[in-house]
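Participant: Here it is, the structure in full.
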Amino acid sequence: MLSAYPVDEVEYLVVGAGVSGLSFANWMREAATAAGHRIPEVLVLEADGEPGGYCKTVKQDGFVWDYSGHFFHFKHPEIEAWLRARMPDQTILTVDKRAFIRFEGRDIDFPFQKNIHQLPRADFIDCLVDLHFRSRGDGVPGSFKAMLYERFGRSIAEKFLIPYNEKLYACDLDLLDADAMGRFFPHADVDDIIRNMRSSDNRSYNSTFTYPTGGAIEYIRALLRDLPADTVAYRERLERVDLSRQVAITSRREIRFRRLVSSAPLNRLAAACGLSFDAGRFSWNKVLVFNLGFDAKGSPTPHWMYFPDRALCFYRVGWYDNIMGADRMSLYVEVGADADATFDVEAMRVRVLDDLHRAGIVDEQRLVSWHSVVLDPAYVHVNRAAQAEQSRLTPTLNAAGVYPVGRYGGWTYCSIEDNMVETRALARAFAPLLR
Ligand SMILES: Cc1cc2nc3c(=O)[nH]c(=O)nc-3n(C[C@H](O)[C@H](O)[C@H](O)COP(=O)(O)OP(=O)(O)OC[C@H]3O[C@@H](n4cnc5c(N)ncnc54)[C@H](O)[C@@H]3O)c2cc1C
């Protein structure tokens, strides 16, 4: 649906009707109201024909699929309550995570590093001995790969953490900073690992997660609920920005803005703004996601599973049916690839199905429905080179009234809640300027 917004001047121009852009539009209204100021004009440009960004949901042949599994774990109860108040018709499931690693035919509890005692005896001994005798650096490890060796020893690193993450990130892990995954990486020290051998405690940031039965898009619907109907201009792409005039050139018109808040990937925004920067410092992966619906149930146990085996094309598989309590197997399958990769989707689908058979996930079940999507970028490579460019570009952009936000604007690894927290802080910082 096209929305022709009759302006060529707006106070707050937002790029992207994903979680970040739509949250900002809401928070700006709330912050203005709380401060007793007028509600400012906000226009959201969305290149796509529908809202959601990566929080879209596909409903097909009775299956409910996201753009790969999107599950939620809120740390800010007020944010979760705010969203839930705007989705009164949704059943929101609360689920205790069941996640495994497929290692040489066995299913090991996640995280691997805390469950080495479940490995075949020889692998367990390798992991334990290498953990004990690992060489520890003094100071912050130089890369993600170095961190894995220094913290967990050679065998834990090489049997799972390195092959799995190389399949996911599609790069040498020396390219990533030690802290590239932030709080999303399940750290464990030797005491945790040894203690876990007797009494299991595999808690992590998402041990319990929530999921609306209508899919991730329900959070987007909640974010659209209080916004005026013409807030989003669909199929309108930001193409260039004239920073000196504070004018955005879109696929349809020129729009003068006071502030531009953009959830587009930072490197693409910087290029659109005509800034000179070292494009080679930004790298990322793509993820090809297959959503696959079958005519019968498979294993009733896992919610998702990690696959370090390089002979299998996917790095992770998730079971929507086990989360939703459905009676037909409904999988998401994620294949990581280099940013330059092109996919022969049909050939890859055949390979994925073959590999699912080889892994024993699909047996007699018949595929009855499927969908695929490429996420590009999916996981940005968080490292010092990109951060240095980011620290140089952001002040220049801010000085011209342009604010990159979100997972890709901020070139980071984060959750949808993080996107909401970040844009709330930005809106609150702007509110006093509305007088
Ligand atoms: C594989 C994967 C799994 C994930 N799982 C989870 C999970 O389980 N839980 C969780 O909380 N988070 C998860 N995330 C993270 C979550 O998807 C993101 O944090 C969130 O969707 C980012 O929202 P955003 O609005 O910042 O960006 P996006 O969702 O990328 O939205 C940006 C929007 O901007 C539009 N746009 C871009 N450029 C332009 C332009 N030039 N002009 C106009 N419009 C433009 C795009 O079309 C898009 O709609 C996952 C991410 C990935 C990749």
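Participant: Got a number for residues in the range 255-305 being of a type in the set (Phe, Trp, Tyr), more than 11 Å from the ligand (Cβ to nearest atom) and touching a Gly at 6+ places or on another chain (Cβ under 8 Å)?
Facilitator: 1
Participant: Still on this structure, please answer the following. Filter the range 96-114 down to residues that are over 21 Å from the mean Cα position of the chain (by Cα) and not basic (Lys, Arg), then give me how many there are.
Facilitator: Counting residues in the range 96-114 that are over 21 Å from the mean Cα position of the chain (by Cα) and not basic (Lys, Arg) gives 8.
Participant: From the residues in the range 218-244 that are within 19 Å of Val10 (Cα to Cα) and β-branched (Val, Ile, Thr), which one is surrounded by the most Cβ atoms within 10 Å (Cβ to Cβ)?
Facilitator: Going through the qualifying residues, I end up with Val241.
Participant: For the range 266-293, name all the residues that are more than 30 Å from Leu243 (Cα to Cα) and touching a Leu at 6+ places or on another chain (Cβ under 6 Å).
Facilitator: Correct list: Val287, Leu292.
Participant: Would you point out which residue out of Thr91, Thr57, Thr33 is within 23 Å of Ser415 (Cβ to Cβ), away from the ligand (no atom under 16 Å from the Cβ) and of a type in the set (Ser, Thr, Tyr)?
Facilitator: Within the list Thr91, Thr57, Thr33, the selection yields Thr91.
Participant: Now, a different point. Yes or no: the range 27-42 includes at least one residue that is within 21 Å of the chain's Cα centre (by Cα), among the hydrophobic types (A, V, I, L, M, F, W, C) and surrounded by 14 or more Cβ atoms within 10 Å (Cβ to Cβ).
Facilitator: No, the conditions are met nowhere in the range 27-42.
Participant: Among residues belonging to the range 284-307 that are within 22 Å of Val368 (Cα to Cα) and charged (D, E, K, R), point out the one that is surrounded by the fewest Cβ atoms within 10 Å (Cβ to Cβ).
Facilitator: If we take residues in the range 284-307 being within 22 Å of Val368 (Cα to Cα) and charged (D, E, K, R), then Asp295 is surrounded by the fewest Cβ atoms within 10 Å (Cβ to Cβ).
Participant: Does any residue of the range 65-87 turn out to be closer than 24 Å to Ala378 by Cβ, in contact (Cβ under 8 Å) with a residue 24 or more places away in the chain and more than 16 Å from the ligand (Cβ to nearest atom)?
Facilitator: For the range 65-87, residues closer than 24 Å to Ala378 by Cβ, in contact (Cβ under 8 Å) with a residue 24 or more places away in the chain and more than 16 Å from the ligand (Cβ to nearest atom): absent.
Participant: What helices (runs of 4 or more DSSP H) completely inside the range 370-435 contain at least 3 residues that are farther than 22 Å from Gly18 by Cβ?
Facilitator: Correct list: 384-399.
Participant: How many of the residues making up the range 382-435 are more than 23 Å from Leu176 (Cα to Cα) and of a type in the set (A, V, I, L, M, F, W, C)?
Facilitator: Count: 14.
Participant: Within the range 296-305, does at least one residue satisfy the condition of being part of a strand (DSSP E or B), under 30 Å from Asp354 (Cβ atoms) and modelled with pLDDT of 95 or more?
Facilitator: yes
Participant: State yes or no: is Thr57 of a type in the set (S, T, N, Q) and surrounded by fewer than 18 Cβ atoms within 10 Å (Cβ to Cβ)?
Facilitator: No; evaluated as a whole, the condition is false for this residue.
Participant: Quick one: which strands (runs of 3 or more DSSP E) lie wholly within the range 75-142 and hold at least 2 residues that are among the hydrophobic types (A, V, I, L, M, F, W, C) and either out of contact with any strand residue (DSSP E or B) (no Cβ under 7 Å at 6 or more places or on another chain) or surrounded by 17 or more Cβ atoms within 10 Å (Cβ to Cβ) (or both)?
Facilitator: Counting at least 2 such residues, we get 99-103.
Participant: List the residue pairs whose Cβ atoms are under 7 Å apart, where the first residue sits in the range 20-39 and is in the same structural domain as Asp418 (by TED's automatic domain parsing) and modelled with pLDDT under 95, the second is within 13 Å of the ligand (Cβ to nearest atom) and aromatic (Phe, Trp, Tyr), and the two are 6 or more positions apart or on different chains.
Facilitator: No pair meets every condition.
Participant: Determine which member of the set Tyr219, Tyr234 is within 13 Å of the ligand (Cβ to nearest atom), out of contact with any helix residue (DSSP H, G or I) (no Cβ under 7 Å at 6 or more places or on another chain) and in contact (Cβ under 8 Å) with a residue 40 or more places away in the chain.
Facilitator: When all the criteria are applied, what remains is Tyr234.
Participant: Looking only at the range 183-192, decide whether some residue is in a helix (DSSP H, G or I) and within 23 Å of the chain's Cα centre (by Cα).
Facilitator: Yes, the conditions are met somewhere in the range 183-192.
Participant: Which residue, of Tyr403, Tyr332, Tyr320, is of a type in the set (Phe, Trp, Tyr), under 30 Å from Arg29 (Cβ atoms) and surrounded by 14 or more Cβ atoms within 10 Å (Cβ to Cβ)?
Facilitator: Every option except Tyr403 fails the conditions.
Participant: Give the residue that is surrounded by the fewest Cβ atoms within 10 Å (Cβ to Cβ), with candidates limited to residues of the range 374-400 that are among the polar types (S, T, N, Q) and within 26 Å of Arg29 (Cβ to Cβ).
Facilitator: It comes out as Asn398.
Participant: Give the range 56-74 a look and list any residue that's farther than 19 Å from His303 by Cβ, out of contact with any Ser or Thr (no Cβ under 9 Å at 6 or more places or on another chain) and part of a loop (DSSP other than H, G, I, E, B), or say none.
Facilitator: If the condition is that a residue be farther than 19 Å from His303 by Cβ, out of contact with any Ser or Thr (no Cβ under 9 Å at 6 or more places or on another chain) and part of a loop (DSSP other than H, G, I, E, B), then Lys56 is the only one that fits.
Participant: Checking Val421 against (1) more than 12 Å from the ligand (Cβ to nearest atom); (2) surrounded by fewer than 19 Cβ atoms within 10 Å (Cβ to Cβ): exactly one of these is not met. Which one?
Facilitator: Single failed check for Val421: (1).
The values are calculated or read from the model by the stated rules, or taken from the named source; none is laboratory data. As the structure is a prediction and not an experimental result, all values here were calculated from the model. Neighbour counts run over all protein chains shown; Cβ positions are idealised from the backbone, glycine included.
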